[in-house]
Amino acid sequence: MDFPSSSHQFPTWRGRMEYVCLGCGARYPGDSLLYTCPQCKGVFLLESLDFDQLKTRNGAEWRALFDGRAGSRVTALRGIFRYYELLAPLLEEEDIVYLGEGLTPIVEASPVLRNAVGLPFAYKNDGQNPSASFKDRGMACAFSYLKWLCRRNAWDEVLTVCASTGDTSAAAALYAAYVGAPLKSVVLLPYGKVTPQQLSQPLGSGATVLELPGVFDDCMKVVELLAENYRVALLNSKNSWRILGQESYAYETAQWYGWDTGGLCLFVPIGNAGNITAIMSGFLKMLDLGIISQLPRIFGVQSEHADPVWRYYAAPEGQRQWQPVTVSPSVAQAAMIGNPVSFPRVRHLAERFTALGGEKAFQVIQVTEQQIMDAMILANRYGHIACTQGGECLAGLCNALEQGLISTEEHAVLDATAHSLKFAGFQDMYFNDGFPPEYGVTPEPGLANRPELLLPEEARQGKEVVEFARLGAEAVVERLKLQKK
Ligand SMILES: *Cc1c(COP(=O)(O)O)cnc(C)c1O
Ligand SMILES: [Zn+2]
């Protein structure tokens, strides 16, 4: 077996990939696009058949390789494919699409926020990805794989489709627009259930944007029917190549903490459950290869308005029954999903995670809408850029602390899954006490922040700029009670 040793070159080692069905265990070769098992309709995870070959290199060698690649100037290794061998090692360098995704910063909580919460923690700002959410990680992998398929099969047109709570479509449209022919992007959105910012993204990227009444779960069913019966490429997280790309979040987090993940607690919002699947899978691979020696603990977080996974795990073992829920409006709108596609993946990986890391290694926490909003507003007031789902993670951390599920000796890493700007409308409702009653959010008046108009429109009219500047300055001095120097 030949491992290229330099961390500055694109690797030459290739592994064969297979889909493994979590329903019946059937396996299918990874060289065609499959979403669910043709035999039992189960969801897949992708496996490298040659994974054991990777064990001929020890953990320290892997760590050194990945650390070395941090300085590589090979474009294809600058994003999520820094961890090429652990992701999709059948791709060639020319297939890899890189738009600056991944390697997002981990920012320690500001001192005031840390004291308010009661233990040190950090945000990993996945909103600093190109389309401003973690979905880019999965899309970079899915689109690289699509390019690989197009090249091998000489396809001349591929229509990519996805249903979305907003961010999947933004990411899919962006990558499709960048790659161009033969790829074309179509996105299906639940009408009125994505934010204006999220809607503007696929429009700007030139995708065909189709809206349907209902919620995400309804759109998802439509897309599934399309993918089963027509020639389209599905880009929801049923597409296991997206899961692989999203594993990069785990690799980056481990690398940032010097591969010492023992005392870490990761908080991850659960919607369709693809992200938490990927993160668990990533840590398990690193443990298997000796890259890390201890698993972190993973806390999934769900709003009480969309909490099927929490409900499942809240029941005692032996009495757990999977039951989708009907969602109600949630400020964590990107996670407002009642029938998560990846639930079987979560159950499968959580079992391995707790077998290897102890029963406390995987838990799910429920939070209220009020807690989510309060937490997001608080975090951003102290210098963070959390979206509502990032607020959900902080709310989850506070509840975990209160319930004694986490100690002050541990270090929490919260996933700010998107940029706060995408969810500016919820901040607006908070500051202006404008939440429709179904959200059940009452803002704390002390936290409201509004712009103040200092002078009326007429104050500018008919004046030279010098005169207006004097007037404007006077108004500011008056408002701030400024002292002369
Ligand atoms: C998609 C999304 C989620 C939910 O992630 P899943 O993988 O569906 O569980 C959470 N936050 C944001 C911002 C998202 O876009
Ligand atoms: Zn099956």
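The values are calculated or read from the model by the stated rules, or taken from the named source; none is laboratory data. Here the structure is a predicted model, which is why all the values come from computation and not from measurement. Because the Cβ atoms are built from the backbone with ideal geometry, glycine has one as well, and the counts that use them run over all protein chains shown.
So that you can scan it fast, the table gives a plain yes or no per residue for (1) more than 23 Å from residue 102 (Cα to Cα); (2) within 16 Å of ligand 1 (Cβ to nearest atom); (3) in a loop (DSSP other than H, G, I, E, B); (4) within 26 Å of the chain's Cα centre (by Cα):
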| residue | (1), (2), (3), (4) |
| --- | --- |
| 6 | no, no, yes, no |
| 11 | no, no, yes, no |
| 15 | no, no, yes, no |
| 25 | yes, no, yes, no |
| 34 | yes, no, yes, yes |
| 39 | yes, no, yes, no |
| 44 | yes, yes, no, yes |
| 47 | no, no, no, yes |
| 61 | no, no, no, no |
*Taking residue 138 and the conditions (1) in a loop (DSSP other than H, G, I, E, B); (2) touching a Lys or Arg at 6+ places or on another chain (Cβ under 9 Å), which numbered condition does it fall short on, given that it satisfies the others?*
(1)
*Scan the range 49-59 for residues that are surrounded by 13 or more Cβ atoms within 10 Å (Cβ to Cβ) and not in a loop (DSSP other than H, G, I, E, B) and jot them down.*
51, 53, 54, 59
*If we scan the range 264-283, do we find a residue that is touching a Cys at 6+ places or on another chain (Cβ under 8 Å), within 16 Å of ligand 1 (Cβ to nearest atom) and β-branched (Val, Ile, Thr)?*
yes
_Looking for something under 19 Å from the mean Cα position of the chain (by Cα), at pLDDT 95 or above and not in a helix (DSSP H, G or I) - is there at least one such residue anywhere in the range 352-362?_
yes
*Pairs, please: C-beta under 9 Å, at least 6 apart or cross-chain, first residue more than 17 Å from residue 387 (Cα to Cα) and in the range 162-181, second within 16 Å of ligand 2 (Cβ to nearest atom) and not in a strand (DSSP E or B)?*
163/224
*Of the residues in the range 85-134, how many are under 29 Å from residue 263 (Cβ atoms) and either within 16 Å of ligand 1 (Cβ to nearest atom) or not in a loop (DSSP other than H, G, I, E, B) (or both)?*
26
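Say we look at the range 229-256 and pick out the residues that are in a loop (DSSP other than H, G, I, E, B) and in contact (Cβ under 8 Å) with a residue 24 or more places away in the chain; which of these is surrounded by the most Cβ atoms within 10 Å (Cβ to Cβ)?
Of the range 229-256, the ones in a loop (DSSP other than H, G, I, E, B) are 230-232, 235-239, 247.
From what's left, in contact (Cβ under 8 Å) with a residue 24 or more places away in the chain: 231-232, 235-239, 247.
Values: 231: 10, 232: 18, 235: 32, 236: 26, 237: 28, 238: 22, 239: 26, 247: 26.
Top of the filtered list is 235.
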*Collect the residues in the range 322-344 that are within 16 Å of ligand 2 (Cβ to nearest atom) and out of contact with any strand residue (DSSP E or B) (no Cβ under 6 Å at 6 or more places or on another chain), keeping them in residue-number order.*
341, 342, 343
*Is the range 380-400 home to any residue that is within 21 Å of residue 120 (Cα to Cα), polar (S, T, N, Q) and more than 16 Å from ligand 1 (Cβ to nearest atom)?*
yes
_Consider the range 394-431. How many of its residues are surrounded by fewer than 19 Cβ atoms within 10 Å (Cβ to Cβ) and among the charged types (D, E, K, R)?_
4
